[in-house]
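The values are calculated or read from the model by the stated rules, or taken from the named source; none is laboratory data. Predicted model, so just to flag it, every value in this text is computed and none were measured. Neighbour counts are summed over all protein chains in view; Cβ atoms, including those assigned to glycine, are modelled from backbone coordinates with ideal geometry.
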Amino acid sequence: MQAWVRSGVTALIVCVCAALGVTLAEQDATPVPASAQVAAAPATTSDAPGQDRPNIVFVMTDDMRADELRWMPHTRELLAERGIAFTDAVSPHPLCCPARAQLVTGQYAQNNGVQHNAGPFGGFQALDPSQEISSWFTREGYQTGFIGKFLNGYTDLDQRPSGWDHWDALSAGVYDYFDFSFDNDGSPVAFRDSYVTEVIAERTNATVRDFAAKDEPFLIYSWHLGPHYRINRQGKPVPAPAAPIDKGRFADSVPPALKAPSFNERNVLDQPRPFRNRLLAREELVIAEHRARLRALQSVDRAVESLVETLRSVGELNNTVIVFASDNGYSLGEHRFVGKNVLTDEVLRVPLLIRGPGVGTGLTSGLPVTLVDLPATFTALAEVSPGWLLDGTSFVPSLIGQDQPFRDTTLVQTGDDGGDGWAYRGVRTSRYLYGVNGSDGFLYDELLDPGELVNRIYDPAYAEIQTLLEQRRLQLLSCSGESCNQTFGMLPEPG
């Protein structure tokens, strides 16, 4: 990283283009203007000494909504205020296993095989453990470590995913929060009456200290469980428990979802099947879950603080890119729905914060990045050559507030545990959200209807728009590599 900081912005963009195989002809896409990307302070870069290639530490939560970041003061202060916040980041396949598979393969589900959490196309069993991007980093001199929650169904009896020098995934009691086990490089270790977030934080920090004692840079994935609900010893889902220090907090907090126009939407007959004829969400249960989620996130917030302090104590903070995100968002009563694996704004959108050498401070970006773009960005930062086609695109230029060509249409999709493994598959643009599952579908005009209250799929004023979005959808359903990152052009106005 220090090498490209010294060489300036021009060298950085050349490096990124070379790493991704981008030609000058491919850069004809409409650039996202810097005015749309950057707010607050101007970009600054670090001139601290360090190795040429940066360390990368990726911290991830589970089921965290983008609006819940406001209750994580350490994360906001240490990452958002000292880095860049992407305000339109989404999880394009918003469910645990498909999202996580994207992050270890750099590919959409049609290419990595993980379409759902269960069924023949779901869970760890659907992932090829020999096809993980970590092996590229190991091959090119990085130390690699994974700590925390992996894909549903993984146990210490399964094949260890390739490429990780240190493999410490949760392997039993994954959703328990208090009684669980870690793989611990093939020598499983059990914890009883411990709090999982605190243990993940401790084991992550120990890995940082171990890797920092060596000369090579490192890549670490530290994936937390909070604020995902707990599955108790009776096998029942219950709200996430708090660490002892956080019990009783947020007793008066009210979820922002209650003020959303879509909360317990009155008329859902025009909505797609997941929302039609659904009973009203029980407000008291939504409030209770919201408060439990905030309490669970406090330990993650402290984990971020301890990570930053650990990196500082071993002299690696100024040479480390820290990334914070969630695997997907979560609905808390919008459209009467509580959960995920649907295509709505609150489920698609995720927090995404990045801090590191060369990254501007106090910036925000409206670039429509997705989780699929993170592996491409990591490989570009580390100057690592991908071993197969990546479906995402690097957004390294945006990290320093530069204009950047970018796609104008993003593939979004959900899976099923039966049939062919697919449910709703569609596209998202700066204005529209469109999806189809067999004969059922939806089309939302986010500009006129940000609450997604009106399904315009049968509105004749949107017929031409729907036709064009369907054409884009059909092109992207089987996309791979650069074909997933097309610029289709402007859509007409309705009517």
Tally time: how many residues in the stretch 146-177 are part of a loop (DSSP other than H, G, I, E, B), in contact with an Asp or Glu (Cβ under 6 Å, 6 or more places away or on another chain) and over 26 Å from Thr379 (Cβ atoms)? 2
Candidates Gly145, Gly153 - the one that is in the same structural domain as Thr105 (by TED's automatic domain parsing), under 23 Å from the mean Cα position of the chain (by Cα) and closer than 14 Å to Ile220 by Cα: Gly145
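Residues checked against (1) over 18 Å from Ser385 (Cβ atoms); (2) surrounded by 22 or more Cβ atoms within 10 Å (Cβ to Cβ); (3) in contact with a Phe, Trp or Tyr (Cβ under 6 Å, 6 or more places away or on another chain):
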position	(1), (2), (3)
Phe124	yes, no, yes
Gln131	no, no, no
Phe137	no, yes, no
Ser162	no, no, no
Ala169	yes, yes, yes
Asp185	yes, no, yes
Over the stretch 335-369, the set of residues under 15 Å from Glu452 (Cβ atoms), touching a strand residue (DSSP E or B) at 6+ places or on another chain (Cβ under 6 Å) and not hydrophobic (A, V, I, L, M, F, W, C) is Glu346, Arg349
Would you call Asn277 at positive phi and either of a type in the set (A, V, I, L, M, F, W, C) or surrounded by 16 or more Cβ atoms within 10 Å (Cβ to Cβ) (or both)? no
Members of the stretch 61-86 that are outside any helix (DSSP H, G or I) and either within 10 Å of the chain's Cα centre (by Cα) or more than 28 Å from Val384 (Cβ to Cβ) (or both): Thr61, Asp62, Asp63, Met64, Arg65, Met72, Glu81
Looking at the stretch 200-215, can you tell me whether even one residue there is touching a residue at least 12 places away in the same chain (Cβ under 8 Å), farther than 26 Å from Leu103 by Cα, touching a strand residue (DSSP E or B) at 6+ places or on another chain (Cβ under 8 Å) and surrounded by 13 or more Cβ atoms within 10 Å (Cβ to Cβ)? no
Could you please give the count of residues in the stretch 360-375 that are touching a helix residue (DSSP H, G or I) at 6+ places or on another chain (Cβ under 6 Å) and surrounded by fewer than 24 Cβ atoms within 10 Å (Cβ to Cβ)? 2
Residue ID - nearest to the chain's Cα centre (by Cα), chosen from residues in the stretch 392-413 that are hydrophobic (A, V, I, L, M, F, W, C) and part of a loop (DSSP other than H, G, I, E, B): Phe395
With respect to Gly418, is the statement that it is more than 21 Å from Asn55 (Cα to Cα), outside the structural domain of Gln131 (by TED's automatic domain parsing), surrounded by fewer than 24 Cβ atoms within 10 Å (Cβ to Cβ) and in contact (Cβ under 8 Å) with a residue 40 or more places away in the chain true? yes
Only one of (1) under 19 Å from Thr138 (Cα atoms); (2) in contact (Cβ under 8 Å) with a residue 24 or more places away in the chain; (3) aromatic (Phe, Trp, Tyr) does not apply to Tyr175, and that is (1)
Condition (residue is modelled with pLDDT of 95 or more and part of a helix (DSSP H, G or I)) applied to the stretch 354-368: is it met by at least one residue? no
Looking at the stretch 407-420, which of its residues are out of contact with any helix residue (DSSP H, G or I) (no Cβ under 8 Å at 6 or more places or on another chain) and either farther than 15 Å from Pro368 by Cβ or of a type in the set (A, V, I, L, M, F, W, C) (or both)? Thr414, Asp416, Asp417, Gly418, Gly419, Asp420
Asn277 vs (1) outside any helix (DSSP H, G or I); (2) modelled with pLDDT of 95 or more; (3) of a type in the set (S, T, N, Q): all pass except (2)
Residue check, Asn264 against (1) within 24 Å of the chain's Cα centre (by Cα); (2) buried (at least 20 other Cβ atoms within 10 Å of the Cβ); (3) on the phi > 0 side of the Ramachandran plot, all met but one. Which one? (1)
With respect to the numbered conditions (1) part of a helix (DSSP H, G or I); (2) within 17 Å of Ala240 (Cα to Cα); (3) among the polar types (S, T, N, Q), which one is the sole condition not fulfilled by Ser194? (1)
Restricting the stretch 316-338 to residues that are out of contact with any Phe, Trp or Tyr (no Cβ under 7 Å at 6 or more places or on another chain) and part of a strand (DSSP E or B), the residue that is surrounded by the fewest Cβ atoms within 10 Å (Cβ to Cβ): Val338
Every residue in the stretch 121-152 that is free of Cβ contacts under 8 Å to residues at least 40 places away in the same chain and not charged (D, E, K, R), please. Gly123, Phe124, Gln125, Ala126, Leu127, Pro129, Ser130, Thr138
Report, by residue number, each residue of the stretch 91-145 that is hydroxyl-bearing (Ser, Thr, Tyr) and in a loop (DSSP other than H, G, I, E, B). Ser91, Tyr108, Ser130, Tyr142
Out of the residues in the stretch 81-132 meeting the condition of being in contact with a Pro (Cβ under 8 Å, 6 or more places away or on another chain) and among the charged types (D, E, K, R), tell me which one is farthest from Phe58 (Cα to Cα). Asp88
